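Student: I am attaching a structure below and will ask some questions about it afterwards.
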Amino acid sequence: MDVELRGITKRFGPVVANDAINLHIRAGEVLGLLGENGAGKSTMMNILSGLYTPDEGEILIDGKSVTFEDPGDGIAAGIGMVHQHFMLVPVFTVAENVVLGVEPTGRFDYLDLKTARKQVREINDRYGLEVDPDALIESLPVGIQQRVEILKVLFRSADVIILDEPTAVLTPQEVEDFFEIVRSLRDAGKAIVFITHKLHEILEISDRISVLRHGRITGEGDPAKLTTETLAEMMVGRPVSFAVDKAAPKAGAPMLTVSDLCLLDEHDDFALDHVSLQVRSGEVVGIAGVQGNGQTELVEALTGLTRPATGTILFDGQDVTRSSVRERHRMGMAHVPEDRLRSGMIASFSVAENMVLNSYYDPTYGRGLEIDWPKAQTTAARYCIDFDVRTPSVFLPAGHLSGGNQQKMVVARELERETKLVIASQPTRGLDVGSIEYIHERLIEARDEGDGVLIVSSELDEIMGLSDRILVMFEGRIVAEFDATNGPVDRNAVGLAMAGASE
């Protein structure tokens, strides 16, 4: 099935999200769609899938003009979308999630789960997805949950599959497995739209690339003839540096000292197994590791979200092991959480309200029992300008922002105040190359101003580019340390440590 967008324009008030876009999506091809945060990629795909109606232009399927009134029309036409944030019911099985809304029924309209499991297993086997139809969603790792989302669109006979930031939460190993699935879908004749910010990935998986900037298609090309540098310049309209520009660190006194920290999971196993580490003022310490090896639990313990079973945490010389999140915040600890939707923002609150979530009780914004909203809104507007958070208004609900702009909003809130220690978990997840460059500059700036900076990232390039020292976590323990102040660290050695190999 071939799909063509002609002259698609979509406005939200004074903001033109899509401006006369022309795009051709062909069967048996992976079309890579690239663009900055807020460039209009998701809006365009929401139009194609029936979530939005365009103000101008038309959609053609196999040369015939079609109109979608709602997502049901898009699904009926053979268009399926796998969203960046999964839409699964955790307590349902794989099969129950896949057939939800289009359930096969037997006599007296009873749900026929046996048929559902059979149909899901047939699709599963045909495309090599390797998912157990009877497994509960809440028991599955993120990479397998994404396969369930793909099963959902295939179950509904989708010929065009839109993948919105599909690798944002996957480990490098899961990405390689996922690419094999995408190639098998393409070879089966499906048309794939692959939306991402990761330049090396789009060059690897795409057959053709289109670049969006400020709501317009600004470039197209053959991946074999493009480089990450040319793609980055097409995206942001200027050359982008991929190397982190930083001077030698001037490490001072310990800002964070963790000693013998232990934390148990729900099965009474060690999530953190006697972890000890130190972050000094004026240095960046990076924690590398495959996601799920205790990094999340470590950050939650350091920031006060969970209480460790044993061990101590010293912040700026004070014992904060049992201190609250607010107490640590008031002492100058900043926290960029790994999951912005779950613990970094409130989607229904405005951008301005989200910008003061960690300081609304501060006398700066306090006026008796009321918040000084004009001041808060002025501050939020300044933060948006400084961090290029693209929003038509600070009164807009934060949930209406693109994922990348939500991330920049959270980072701006944490870094635009007086801090002594910055703990940033996946700080550039979902950001375009221009925004990544800016966030990296701000983290190095915090280091150079005397902050201790602790970075947790599943992106090894980010860890190696930012860190003065690298710690590797495996199965809840610190298993290796590398000094990056005297030259580049051996990437293979870090990778082996991440896999649990001893020296």
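Student: Tell me which label goes with the value of percent of Cα pairs over 42 Å apart computed from the coordinates here: [x] 21; [y] 16; [z] 27.
Tutor: Of the listed options [x] 21; [y] 16; [z] 27, [x] comes from this structure.
Student: In nm, to one decimal, how far is the modelled label at E69 from the one at D490, with both set 7 Å along Cα→Cβ?
Tutor: Calculated label separation equals 6.6 nm.
Student: Among 295-302, 402-409, 199-206, how do they line up by average Cβ neighbours within 10 Å per residue, starting with the highest?
Tutor: Result, highest mean Cβ count within 10 Å first: 402-409, 295-302, 199-206.
Student: What are the ³J(HN,Hα) values, in whole Hz, obtained from phi via the Karplus relation 6.51 cos²θ - 1.76 cosθ + 1.60 with θ = phi - 60°, for each residue of segment 207-213 in sequence order, with x given for Gly and Pro?
Tutor: Per-residue couplings from phi come out as 9, 8, 10, 10, 10, 10, 9 Hz.
Student: Can you give me the relative contact order of the chain as a percent, contacts being Cα pairs under 8 Å and 6 or more apart?
Tutor: Reported relative contact order: 16 percent.
Student: Can you show me the helix-derived [θ] at 222 nm for the chain, built from DSSP H runs with n ≥ 4 at -39,500 (n - 2.57) apiece and divided by the number of residues, rounded to the nearest 500.
Tutor: -9500 deg cm²/dmol
Student: Using only alpha carbon pairs under 8 Å that are at least six residues apart, calculate the relative contact order of segment 3-236 and give it in whole percent.
Tutor: Across segment 3-236, relative contact order equals 29 percent.
Student: A follow-up question, please. Using the beta-carbon distance between D109 and H400 and R0 = 41 Å, what value does 1/(1 + (r/R0)^6) give for FRET efficiency, to the nearest 0.05?
Tutor: For R0 = 41 Å, the calculated efficiency reads 0.60.
Student: Just list whichever of K250/K420; K41/K198; K198/K408; K198/K246; K198/K225 have alpha carbons separated by over 20 Å in the model shown.
Tutor: From K250/K420; K41/K198; K198/K408; K198/K246; K198/K225, over 20 Å: K198/K246.
Student: Highest first, please rank the peptides 260-273, 386-399, 41-54 by the mean number of other Cβ atoms sitting within 10 Å of their residues.
Tutor: Ranking, from highest mean packing down: 41-54, 386-399, 260-273.
Student: If I model a spin label as a point 7 Å beyond the Cα along the Cα-Cβ vector, how far apart are those points for V15 and H85 in nm?
Tutor: In this crude spin-label approximation the distance works out to 1.5 nm.
Student: Evaluate the distance, in nm, between pseudo-label points positioned 7 Å from the Cα of R382 and of R307 along their respective Cα→Cβ axes.
Tutor: Each label point is offset 7 Å from its Cα along the Cβ direction, giving 3.9 nm.
Student: What translational diffusion coefficient, in µm²/s and rounded to a whole number, does the Stokes-Einstein relation yield for segment 290-386 at 37 °C and a viscosity of 0.692 mPa s, taking the hydrodynamic radius as the Kirkwood radius over Cα pairs?
Tutor: Translational diffusion coefficient: 214 µm²/s.
Student: Using the per-residue mean of other Cβ atoms lying within 10 Å as a proxy for protection, in what order, highest first, do the peptides 456-463, 130-137, 428-435 fall?
Tutor: 428-435, 456-463, 130-137
Student: Turning to a different aspect of this structure: Filter the chymotrypsin sites (Phe, Trp or Tyr not before Pro) in segment 100-136 to those in DSSP coil with at most 16 other Cβ atoms within 10 Å of their Cβ, and list the result.
Tutor: Sparse-neighbourhood loop chymotrypsin sites (Phe, Trp or Tyr not before Pro): Y110.
Student: Here's something else I'd like to know. Pull up all non-local amide H partners of A168: gap of 5 or more, or a different chain, and H-to-H distance under 5 Å with H placed in the peptide plane.
Tutor: Here the answer is none, since no amide H 5 or more places off falls under 5 Å of that of A168.
Every read-out reported here was derived from the displayed coordinates using simple, explicitly stated rules and does not represent laboratory data. Note that the structure is predicted; figures quoted are calculated from it, not measured. Cβ: placed from backbone, ideal geometry, glycine included. Neighbour counts: every protein chain shown.
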